[in-house]
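Take a look at the structure below.
The values are calculated or read from the model by the stated rules, or taken from the named source; none is laboratory data. None of these values were measured; they are calculated from a predicted model. Every residue, glycine among them, receives a Cβ derived from its backbone with ideal geometry; neighbour counts consider all protein chains shown. The accessibility values were calculated without ligands, DNA or RNA, using every heavy atom of the protein model including side chains. Shrake-Rupley method; radii C 1.70, N 1.55, O 1.52, S 1.80 Å.
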2 protein chains.
Amino acid sequence: MKFVVIGGDAAGLSAASKAKRMYPDLDVIVFEKTFDVSFSACGMPYNIADPLRGIDDLVVRSADVFRNKQGIDLRLNHTVESIDREAKVVHGRSDGKEFSESYDKLLIATGARARSLPLPGMDLPGVLTLRALDDGRAMKRYLAENTVRSAVIVGSGYIGLEMAEALCARGVGVILPEVRTEILPWLPLEMSKLIIEELECKGAQVMLGVDLTEIRRTDKGLQVVTRDSRLDVDMVLIAVGVEPRSELAANAGLALGPYKAIAVDKYLRTSDPNIFAAGDCADAFHALTGARVWIPLGLRANRTGWLVAENLLENKTEAPDIVGTAVFKTFGYEVARTGLSVGEAETAGFQAVDTYIKSRSRAWRQPGAEDLWVQLVADRSTEKLLGGSIVGKEGAAHRIDSIAVALHAGMSVTEFFNCDMAYAPPFGPVWDPMLTCANVLLTNLKKASTAEKPPIMEP
Amino acid sequence: MKFVVIGGDAAGLSAASKAKRMYPDLDVIVFEKTFDVSFSACGMPYNIADPLRGIDDLVVRSADVFRNKQGIDLRLNHTVESIDREAKVVHGRSDGKEFSESYDKLLIATGARARSLPLPGMDLPGVLTLRALDDGRAMKRYLAENTVRSAVIVGSGYIGLEMAEALCARGVGVILPEVRTEILPWLPLEMSKLIIEELECKGAQVMLGVDLTEIRRTDKGLQVVTRDSRLDVDMVLIAVGVEPRSELAANAGLALGPYKAIAVDKYLRTSDPNIFAAGDCADAFHALTGARVWIPLGLRANRTGWLVAENLLENKTEAPDIVGTAVFKTFGYEVARTGLSVGEAETAGFQAVDTYIKSRSRAWRQPGAEDLWVQLVADRSTEKLLGGSIVGKEGAAHRIDSIAVALHAGMSVTEFFNCDMAYAPPFGPVWDPMLTCANVLLTNLKKASTAEKPPIMEP
């Protein structure tokens, strides 16, 4: 029996490792088109921030460990180009030479790629993206071999904002032109403005409502041309999100879901029962809407890779639905979200009501306290919690998981408000800011806006 | 209509304030036996750590604010000594003068007092406890007026360990004689040992299995006498827990619950429907056992005070059950718990199975990562999550609320493991340590101990 995996990153190797542990006699073959496997992609901005760290220290487990210790037939530099579902064979190319391999069960774990922009100049030297380990390697080389004093980062999502911090740490002046009139549009505007203030305060310049028209090479370096200005910089990072690598699946006639991710069922099977898909190339069901969504994140890739192994021979373990919990850090701020934003909730047909509050990260008069902002979203008719976001200099990142657990449990705002949470002065007010926000949201939901003021939340 | 409140701290004043907001015409009278109201009791160790801060900056709202802005008839230095339930009158004393006050509805919010020890020498000058603001005031005065180079702290619970840090910060050498052979017995032994190592490393000396016999005055200062040694120190803090101030209620014939706390129903009514009890003097129902428990903590006091106002005229809002979530900091460590410990779960009739794991507070190769220890407790037959504890130098405090929410939701270990949690390298591994622990616990629960190793949890 032969299990073939296309893609040697989180999902692919989680599946391969677990399958080999579960069925030691199974032939497990992994095709990876690069020379890199098993690395912490999310760690790249932090690695790039430090010129003294080699990019390869992000590798968690080397190819030899997978081969020699785990008995996985891991083939690097092997690109699978087509799947013959009738014959159950994959065809590909390695160093120009064609190869073919038959399979009994196949996993497509091809991940996602950095999105490009339809701009002239995208292929100029110094115009970089960040997705594969080789991208990080290229960026570190570029930073080492060139005098990079300034950079434009196009895209102000997680990667863009993490890289703004990383490049500033290396003394690079950063400009972030953003086509929208705000950043992080899923946050309440006032909360996203905090991040802009922080970026500006740390020396990264944010330009809102800016349309890029071209990137070109001048005698001074690179020039990013917008409708109103020309930005002369030494490097450009394109960080405008990712898109699923699903062409291989689509060409094999497999069904795609939203955003062209590969559609999978609860057991991670594609429309062909012998072919699984997992990780950033596959879609998922949202716990709150039941709808197919595509939210490519690291935990999901690891989890689904592993579940593919569990479901290899029989439908054994359903993949859990997701709520899209995510967090990142940019400079001094932790920014976290889970569930549906107001816009997403409305699109999904909920009557979204949201509230955000400003509280504190520590108790009354506790030294070191910082502002902590919490937003919660609920459905007006059922009063069910739908989502939330937290922004602050401390205590935002880990709090978000409480809201995520509440979403998985289908809690109402009242049920969440009734949770018995921890309190000690170094860690928050007596009423945790999430509870305070839930209480204000309850008031809003009940529209008892006249007599009832928010309760006293201290000491 | 007259609402009388006995006790002017968190529960009493939350109730008084909310009742007055809900019913502006209500006569609200609060009797407080000290001169202090509305202060952050939990903030005292942090205040004491800093000789430059006055103790009164822990006061959140002054008596005048309650009187003049909120219209509450707040009477300081008034000790209620008896309740005549037939006549619906309370009797008491202020500066030696007797007073009486009738009520329609009464709230007993008398809080808890520091437990004492049956030892000779408990009343010597320099033998202190810490509960009321006056206790903090006395300790700051003692530290200011005496040369305090060394102290014994009897009791190694939250207050004892917070005060060890506070006194060390003031240059006081601390010795902690502990009668048990471990500290924090609800933690797995290996996790509680981390705290002992931290205390010793920061210069606080822990003595385990030590029986105190006496405290006495010598010409060198105070001497704490144990069976095997004599500890000469300048100050002694007795921090062996608290007990409910329920004598007033008991003498009025009201029913008491566990640990002699005042028994209340879900609407916070005592056995007399016109008398409520709330805060540290009252009991509560545990969400996991349904049993009455007494876990006096700040959030509960604020929450129940407020709910008394809601339920003053009709049974309107049930007080939520509790899971006993708590957190404290001692030196570099955050220590958090929620739900039932293994011992508590077994006492409650569960077949407790627990697992603890050592993970990391940040991702693979992320600078600044610290060990993070997570324990989860579950019931073997239902696989329901029963509790958990987290210890670490970062990321322990706020994670505990996720487990608390899961307990409130009645989640199984699998359901908790299936939660979609946040990941970014500065905040944890891809698999959050709580998920890793849940997964190992599942393996233990399933006793599939032979073939199945824990899954790969990185990168």
Inset, instruction - Report, by residue number, each residue of the range A:247-259 that is assigned to a helix (DSSP H, G or I), touching a residue at least 24 places away in the same chain (Cβ under 8 Å) and open to solvent by 20 Å² or more (accessible area, probe 1.4 Å). - result: A:LEU248, A:ASN251, A:PRO258, A:TYR259
Legend entry - Qualifying position, being outside any strand (DSSP E or B), within 19 Å of A:TYR423 (Cβ to Cβ) and open to solvent by less than 40 Å² (accessible area, probe 1.4 Å), among B:GLY8, B:GLY43: B:GLY43
Legend entry - Conditions (1) more than 22 Å from B:GLY298 (Cα to Cα); (2) surrounded by 15 or more Cβ atoms within 10 Å (Cβ to Cβ); (3) at pLDDT below 95: number failed by B:LEU212: (3)
Inset, instruction - Could you please find all residues in the range B:357-387 being under 19 Å from B:LYS329 (Cβ atoms), of a type outside the set (A, V, I, L, M), in contact with an Asp or Glu (Cβ under 9 Å, 6 or more places away or on another chain) and assigned to a strand (DSSP E or B)? - result: B:TRP373, B:GLN375
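Kindly indicate whether any position in the range A:236-245 is free of Cβ contacts under 8 Å to residues at least 12 places away in the same chain and open to solvent by 50 Å² or more (accessible area, probe 1.4 Å).
no
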Legend entry - Hits in the range A:319-355 (condition: within 9 Å of another protein chain (Cβ to nearest Cβ) and either polar (S, T, N, Q) or open to solvent by 20 Å² or more (accessible area, probe 1.4 Å) (or both)): A:ASP321, A:THR325, A:LYS329, A:GLU334, A:ARG337, A:THR338
Inset, instruction - Scan the range A:412-431 for residues that are farther than 17 Å from B:LYS329 by Cα and out of contact with any Phe, Trp or Tyr (no Cβ under 9 Å at 6 or more places or on another chain) and jot them down. - result: A:SER412, A:VAL413, A:THR414, A:GLU415, A:PHE416, A:PHE417, A:ASN418, A:CYS419, A:ASP420
Inset, instruction - Evaluate the range A:179-199: report whether one residue or more is in contact (Cβ under 8 Å) with a residue 12 or more places away in the chain, crowded, with 19+ Cβ neighbours inside 10 Å and more than 22 Å from the chain's Cα centre (by Cα). - result: no
Legend entry - Subset of the range B:21-36 [open to solvent by 40 Å² or more (accessible area, probe 1.4 Å), away from chain A (no Cβ under 11 Å) and outside any loop (DSSP other than H, G, I, E, B)]: B:ASP27
Inset, instruction - Among what's in the range A:270-307 and is assigned to a loop (DSSP other than H, G, I, E, B) and polar (S, T, N, Q), pick the residue that is surrounded by the most Cβ atoms within 10 Å (Cβ to Cβ). - result: A:THR270
Inset, instruction - Inspect the range A:70-83 for any residue being buried (at least 20 other Cβ atoms within 10 Å of the Cβ), free of Cβ contacts under 8 Å to residues at least 60 places away in the same chain and within 14 Å of chain B (Cβ to nearest Cβ) and give the result as yes or no. - result: yes
